[in-house]
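Chemist: Sending over a structure as structure tokens; questions will come in a sec.
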Amino acid sequence: MPTEGKFFELFNAHAEQIVAGAVELEALLAKLGNTVQTADDHVKLIDSIEKRADQITHETVTLLHRTFITPFDRDSIHQLISNMDDILDMIQDVAESLVLYDIRKIAPEARKLAEICLSCCERVKIVVSLLHNMEHAQTILKVCREIDELENDADHVMRAAISRLFREETEVREIIKLQMLYELLESVTDRCNDVANITEGIVLENS
């Protein structure tokens, strides 16, 4: 039976897809309102990225069942890859909701949330890339704290966006659609923070 397999390679490959998805989401929100085709193109790209990430998740779980000695606790490996996959699922939800609900106009706060999402995802990629060597423990913990701070920033931006929405928007359907969008975007950072928390636990148990 394999000993450690290619877990770290798979983690890194998945993290690359997470960042790619976040880049497309930011681009989608930046170009929102240009043309319907522009939105559709970005959504299709995000769907493709999410499918690639699903394949990596499946490969990781399969490898976990075939591997006798794992680099760290089995449950932690499963939680890590599952929560990484949740990030892309949430990114996909945001993109599909934009098209499904025909959202054409958004406040600057939504674009700011997309930027924060990308920053969080980039840091997820960093912490995952360092997991193979516990000599990087302090750096990993530092970046995890940065993810937590970004998640807090996203929460503040979301609340400000919803507050402005209720003050300025009179169309009830628009309020419902945009509030949902802001909450979904903030949830992307929540999922990144979940990965940071799992990573912190792995580091504390193994360093």
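Chemist: Based on this model, can you work out whether residue 138 counts as modelled with pLDDT of 95 or more, assigned to a helix (DSSP H, G or I), of a type outside the set (D, E, K, R) and under 29 Å from residue 59 (Cβ atoms)?
Modeler: Here the answer is no, as residue 138 does not meet what is asked.
Chemist: Counting only residues that are hydrophobic (A, V, I, L, M, F, W, C) and open to solvent by 20 Å² or more (accessible area, probe 1.4 Å), which one in region 46-62 is nearest to residue 23 (Cα to Cα)?
Modeler: My answer is 56.
Chemist: May I pose another question? Among the listed residues 81, 103, 69, which satisfies the condition of being surrounded by 20 or more Cβ atoms within 10 Å (Cβ to Cβ), touching a residue at least 12 places away in the same chain (Cβ under 8 Å) and at negative phi?
Modeler: 81
Chemist: Surrounded by fewer than 19 Cβ atoms within 10 Å (Cβ to Cβ), among the small types (Gly, Ala, Ser), in a helix (DSSP H, G or I) and in contact (Cβ under 8 Å) with a residue 12 or more places away in the chain, is that true of residue 129?
Modeler: Criteria met by residue 129.
Chemist: Could you list, in sequence order, all residues of region 176-193 that are in contact with a helix residue (DSSP H, G or I) (Cβ under 6 Å, 6 or more places away or on another chain) and open to solvent by less than 50 Å² (accessible area, probe 1.4 Å)?
Modeler: Hits for region 176-193 are 178, 182, 184, 185, 186, 187, 188, 189, 192, 193.
Matching residues to (1) under 15 Å from the mean Cα position of the chain (by Cα); (2) among the acidic types (Asp, Glu); (3) in a helix (DSSP H, G or I):
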| residue | (1), (2), (3) |
| --- | --- |
| 40 | no, yes, yes |
| 45 | no, no, yes |
| 50 | yes, yes, yes |
| 57 | yes, no, yes |
| 61 | no, no, yes |
| 69 | no, no, no |
| 80 | yes, no, yes |
| 83 | yes, no, yes |
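Chemist: Could I ask something else about it? Can you confirm whether region 11-21 contains a residue that is surrounded by 15 or more Cβ atoms within 10 Å (Cβ to Cβ), acidic (Asp, Glu) and closer than 23 Å to residue 133 by Cβ?
Modeler: Scanning region 11-21 turns up at least one residue that is surrounded by 15 or more Cβ atoms within 10 Å (Cβ to Cβ), acidic (Asp, Glu) and closer than 23 Å to residue 133 by Cβ.
The values are calculated or read from the model by the stated rules, or taken from the named source; none is laboratory data. Note that the structure is predicted; figures quoted are calculated from it, not measured. Neighbour counts run over all protein chains shown; Cβ positions are idealised from the backbone, glycine included. Just the protein is used for accessible areas: all its heavy atoms, side chains included, with ligands, DNA and RNA removed. Shrake-Rupley method; radii C 1.70, N 1.55, O 1.52, S 1.80 Å.
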